[in-house]
Amino acid sequence: MASSISKRKIKTIIGVLIVFIGICLLSSTYLKQKKFQVFDEMNELYYEQLVEIENIEEIEEEMPIIEVEEQPPIEVSPVVETPKVTSPPIDYTKYYVGYLSIPKLDLRKGFTEIDNKYNNVNRNIQVMKPSDYPDVEKGNFIIAGHSGSSAVSFFKDLYKLVLGDEIFVTYKDREYKYVIKNIYTDLKDGDVVVRRNKNTTTLTLITCTKGDKTTQTIYICEKVN
């Protein structure tokens, strides 16, 4: 009789141990699943934060559109931004009608006719309306270009120029020499006033001011030959 009771106790104890071990295993599996779920949720949140930060940086790096307006009664048309080019690179050189050269900056960049579809600051330096070409006496040849660090920031080093520096324009197989006479900034509010001596033949360069997102810098150059 005592032996029978002892066997039942042993079986009961073994049964309890089996149940306890089973509960422990189930709890361990559940905790692991919850741990992985929490890790997944944290990773997803971290990724979303990274994406938001990258988008903000991308927006900050976008170049502003320069709009230029001549003093009354001459009006200057705004620069129209074109969509980003996703097709194979275009050979712009076959559309160039002249070149702007600044020896001090080791810069030589071509420009197109004013009505050419590639006459745009997002592709080249841009001849602004109502520019007069260099062969027009007492005219004003106005060119705008991006500064910054993008692939089209052809005027990124213009801030290094000072009064008296020389600039050359080649147009219709003739070279025109200019000297910088004035450098000033203007509030970036959609237009810019060009201050020049209208009794001289002038070249005007316009770009964003280095280190200041609120203004643009204007370089007034007068022809010397």
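The table for this structure:
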{"read-out": "Qualifying residue in the range 192-205 (condition: in the same structural domain as Ser153 (by TED's automatic domain parsing), closer than 18 Å to Gly145 by Cα, surrounded by 16 or more Cβ atoms within 10 Å (Cβ to Cβ) and touching a helix residue (DSSP H, G or I) at 6+ places or on another chain (Cβ under 9 Å))", "value": "yes"}
{"read-out": "Count - residues of the range 100-132 that are in contact with an Asp or Glu (Cβ under 9 Å, 6 or more places away or on another chain) and either part of a strand (DSSP E or B) or outside the structural domain of Phe168 (by TED's automatic domain parsing) (or both)", "value": "4"}
{"read-out": "Single condition Ile218 does not satisfy, out of (1) out of contact with any Asp or Glu (no Cβ under 7 Å at 6 or more places or on another chain); (2) without any contact (Cβ under 8 Å) to a residue 40 or more places away in the chain; (3) of a type in the set (A, V, I, L, M)", "value": "(1)"}
{"read-out": "Yes/no for Tyr159 being without any contact (Cβ under 8 Å) to a residue 40 or more places away in the chain, assigned by TED's automatic domain parsing to the domain that holds Cys208 and of a type in the set (Ser, Thr, Tyr)", "value": "no"}
{"read-out": "Filtered residues of the range 164-190 (kept if within 15 Å of Tyr96 (Cβ to Cβ) and of a type in the set (A, V, I, L, M))", "value": "Val169"}
{"read-out": "Boolean, Asp173 is free of Cβ contacts under 8 Å to residues at least 40 places away in the same chain, under 23 Å from Thr112 (Cα atoms) and surrounded by fewer than 19 Cβ atoms within 10 Å (Cβ to Cβ)", "value": "yes"}
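The values are calculated or read from the model by the stated rules, or taken from the named source; none is laboratory data. All values reported here derive from a predicted model rather than from experimental measurement. Here the Cβ is made from the backbone with ideal geometry for all residues, glycine too, and neighbour counts use every protein chain on show.
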